[in-house]
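Report on the structure given below.
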Amino acid sequence: MMTEAAIEKENKEIAQQYKKLLRISYQTLSEEDKKLIRQAFDVAVDAHKDQRRKSGEAYIFHPIAVAKIVASEIGLDATSIAAALLHDVVEDTAYSLEDIRKTFGDTVARIVDGLTKISHLEHDKDVSLQAENFRKMLLTLNDDVRVIIIKIADRLHNMQTMDSMRTDKQEKIASETLYIYAPLAHRIGLYNIKTELEDLGLKYTEPEVYNEILQKIRESKEQQDKYIDEFTQVIKDSLDKENMKYTIKGRPKSIFSIRRKMKNQNVTFDEVYDKFAVRIIYGSDPANEKFLAWKIYSIVTDHFRPNPTRLRDWISSPKSTGYEALHITVMGPKGRWVEVQIRSERMNEIAEKGYAAHYKYKQGNGEDGLEEWVNKLQEALENSEVNAVDFVEQFKLNLYSKEIFVFTPQGELKSLPKGATPLDFAFSIHTEVGLRTRGARVNGKLVPLSTTLNSGDQVEIITSEKAKPNSNWLDYATTARARAKIKSSLKEEKKDIAEEGKAILTRKLRAQKIPFNEKTVNELVIFFKLKTSLDLFYRVGAGIIDNQKLKDYAASRSNALVSFFKSKIRRTPTIEDIDKDEITAKYDQLVFGREEEVLDYKLANCCNPIPGDSVFGFITVSEGIKVHKKDCPNAIQLQSNFAYRIIQAKWKDSTQEEFKVVIKLTGIDNIGLVNDVTREISNNMNVNIKNINFDSRDGIFTGRITVVVKNNNILKKLMEHLKKINGIDKVSRE
């Protein structure tokens, strides 16, 4: 039990947090607003009075913290602040939605209801797919977009206070955050929150990596600060001469973005070249904003040479999130690249607060501005034919995409995601235009539908009444909207052909004296390595499965007995598909779950784990347990969408078994290099070379060596030794 003094202290702290909430609100609060917030605060305090969080503190601190994020970080209105304070009341306490409606009106009740629905989804163990939850969550946008924004704030605070949770719970929540909430925050223009969600996500999904980068950033902080001061002093002197009103901030890039660069470019921390950015924020009246941005650009580039391929002008063509800025990458002192972002105070507010600021300046109202985005989102949601996982994948396509700007034949400007094709452009104009596309002209020239468009292109679509989508179109289209519409159209056509195919198949089986029933259809699906009976009927209707192939099937039925005996003869396991019985019986290496059980499994081809790697098990529908590395490209999606199918796994004694690994080398060619490499491997008692391949071109060589090792430690040691050979630049594992 808490003492009187402790309770009094806690109550004081709650009161202080409430005052702070009013103080830090981004919107100007009227007396009416303050009354609404006070009322919501009182109800929340009363509702949660007997609840505590896992950390032991009073539960009310959580809704207050979420409301603070909504008020200051995101900058929403009093209605949203009140809804944030009340977001857990209906779900966790005796208060009903009707109570909220009576006290606070329809809008607050609608938002709280949306948030309650989402919470129910996340806690409902019977819902088989996390992805389905996301789809339902996004459908709540129909009611009020503030639901999603408050949900993002709620998730941010949960991520900030996750230390006292179990590790598997942390991992699930963090994966889900990286998978959907960070991209959502990005799309709404909440860049600061997106960055924090990504960093916290990495902290719990790959703690070693996160801590290592954090440590390195701290170690080099003093040096970096000194460098930024030196760099900015030069610019300050010139801006002062022009009597400009400005502030300059230097900031390191986020841990997550440094990690992404290290991974994508296969480089070490020290090799990431632009680890920090400098932001120049200038004061200006609306009329001179653009002129001053380019004036500052001119001053910066007078002193430091810009990288011409890295200029981003989002002032002339703002991003669809409303983001405006000028980004340039320049060569700073000591030959280091520095990204410089130039924004006015207004642009900076938009970058930090997203839509709330954008519409404060435009219409003075934060919520209307999201309409256009919500409409785009609705298009993706409309097509309910798509399964939930595909839907979330499609949705993500459009969340993180960078933008290009193209012109219609009439000279209108259209924004499309980077990598878009003329087919995407056609569907962005109208679904009917997309479905009737016959060809396209870019800048007056006829081009294939798969052509990647560039900013500034003028695109004209040629349509025809007879044109209709074919399956190749899915290779040409990149946007969620285009892909959804094409899939929908193809599905309809496929159904028609399948109907015809079913009738043909019935006739042909009768001719072979084979009964047409469920058992036969299932056998045919398996025989032709298909997934569903629809695929089978479609292939018969389209003529892909012809008379000869059906005769082969009939022959296989008569040989069923022979094939039954064949299947009983055990094949020799290969390295690629190791016989798990052999390993587990002899060596007891990979164990699953808390009980450390020995179960059958397969190693996933996507990441090829070997003993010693951090791994997890994934229970598939048809292939039992598949084992993936923790940093497998598919890990976050699996952990987020199918958390209930994840099973803990770890390697035990791996002293006897051997595994095949490919090592990739690059470097400067010199005489005797191949000898040095092979000698180094041969000297290592525990490594055998299976295959070696070197290619030298213009003084640079690349090599691929397949070696057989017993575990990860031996491999790491070998790679360290190879790095030390004169001429070797990089050693990595494929």
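Quick look at the values:
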quantity	calculated
Meets criteria (farther than 19 Å from GLU339 by Cα and free of Cβ contacts under 8 Å to residues at least 12 places away in the same chain) for ARG260	no
Test: residue in the range 551-560 that is under 30 Å from THR437 (Cβ atoms), modelled with pLDDT under 85 and part of a helix (DSSP H, G or I)	no
Among residues of the range 494-528, those that are out of contact with any helix residue (DSSP H, G or I) (no Cβ under 9 Å at 6 or more places or on another chain) and within 14 Å of ILE545 (Cβ to Cβ), counted	3
Candidates ILE705, ILE647, filtered to the one that is without any contact (Cβ under 8 Å) to a residue 60 or more places away in the chain, assigned by TED's automatic domain parsing to the domain that holds PHE592 and either out of contact with any His (no Cβ under 7 Å at 6 or more places or on another chain) or surrounded by fewer than 16 Cβ atoms within 10 Å (Cβ to Cβ) (or both)	ILE647
Complete set of residues in the range 680-724 that are farther than 25 Å from GLY612 by Cα and either over 38 Å from the mean Cα position of the chain (by Cα) or hydrophobic (A, V, I, L, M, F, W, C) (or both)	PHE694, ASP698, GLY699, ILE700, PHE701
Which listed residue is in contact with a strand residue (DSSP E or B) (Cβ under 9 Å, 6 or more places away or on another chain), under 29 Å from ASP631 (Cα atoms) and outside the structural domain of ARG146 (by TED's automatic domain parsing), from LYS221, LYS245, LYS236	LYS221
All positions within the range 146-172 that are among the aliphatic types (A, V, I, L, M) and assigned to a helix (DSSP H, G or I)	VAL147, ILE148, ILE149, ILE150, ILE152, ALA153, LEU156, MET159
Answer residue from the range 290-319, given it is among the aliphatic types (A, V, I, L, M) and in contact with a helix residue (DSSP H, G or I) (Cβ under 9 Å, 6 or more places away or on another chain) and is nearest to PHE407 (Cα to Cα) among those	ILE315
Any strands (runs of 3 or more DSSP E) falling wholly within the range 638-722 and containing at least 3 residues that are closer than 30 Å to GLY593 by Cα and of a type in the set (A, V, I, L, M, F, W, C)	646-651, 659-668
Search result, residues across the range 285-302 that are touching a residue at least 60 places away in the same chain (Cβ under 8 Å), surrounded by fewer than 14 Cβ atoms within 10 Å (Cβ to Cβ) and within 13 Å of VAL340 (Cβ to Cβ)	ASP302
ARG594 being farther than 30 Å from LEU202 by Cβ and modelled with pLDDT under 85	no
Criterion (modelled with pLDDT of 90 or more and touching a Phe, Trp or Tyr at 6+ places or on another chain (Cβ under 9 Å)) met by exactly one of THR408, THR437	THR437
Residue in the range 253-269 that is farther than 30 Å from LYS723 by Cβ, surrounded by 15 or more Cβ atoms within 10 Å (Cβ to Cβ) and not polar (S, T, N, Q) present	no
Residue list for the range 418-441, restricted to those being aliphatic (A, V, I, L, M) and buried (at least 20 other Cβ atoms within 10 Å of the Cβ)	ALA420, LEU423, ALA426, ALA440
Residue match in the range 133-152 (condition: modelled with pLDDT of 85 or more and of a type outside the set (A, V, I, L, M, F, W, C))	yes
Selected residue [touching a residue at least 40 places away in the same chain (Cβ under 8 Å), in a helix (DSSP H, G or I) and assigned by TED's automatic domain parsing to the domain that holds HIS186] from ASP42, ASP46, ASP33	ASP33
Identity of the residue in the range 479-500, modelled with pLDDT under 85 and among the hydroxyl-bearing types (Ser, Thr, Tyr), that ends up farthest from GLY439 (Cα to Cα)	SER488
Among the residues listed as THR506, THR463, the single one being farther than 27 Å from THR437 by Cα and either at pLDDT 85 or above or more than 31 Å from the chain's Cα centre (by Cα) (or both)	THR506
Candidate set from the range 328-348 (those that are more than 13 Å from LYS275 (Cα to Cα) and in contact with a Gly (Cβ under 8 Å, 6 or more places away or on another chain)); member that is surrounded by the most Cβ atoms within 10 Å (Cβ to Cβ)	SER344
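For every residue, the table says whether it meets (1) at pLDDT below 80; (2) over 22 Å from LYS652 (Cα atoms).
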{"site": "GLY672", "(1), (2)": "yes, yes"}
{"site": "ASP676", "(1), (2)": "no, yes"}
{"site": "GLU680", "(1), (2)": "no, yes"}
{"site": "ASN686", "(1), (2)": "yes, no"}
{"site": "ILE689", "(1), (2)": "no, yes"}
{"site": "THR702", "(1), (2)": "no, yes"}
{"site": "LYS717", "(1), (2)": "no, no"}
{"site": "GLU720", "(1), (2)": "no, yes"}
{"site": "LYS723", "(1), (2)": "no, yes"}
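The values are calculated or read from the model by the stated rules, or taken from the named source; none is laboratory data. This one's a predicted model, so the numbers in the text were calculated from it and none came from an experiment. Every residue, glycine among them, receives a Cβ derived from its backbone with ideal geometry; neighbour counts consider all protein chains shown.
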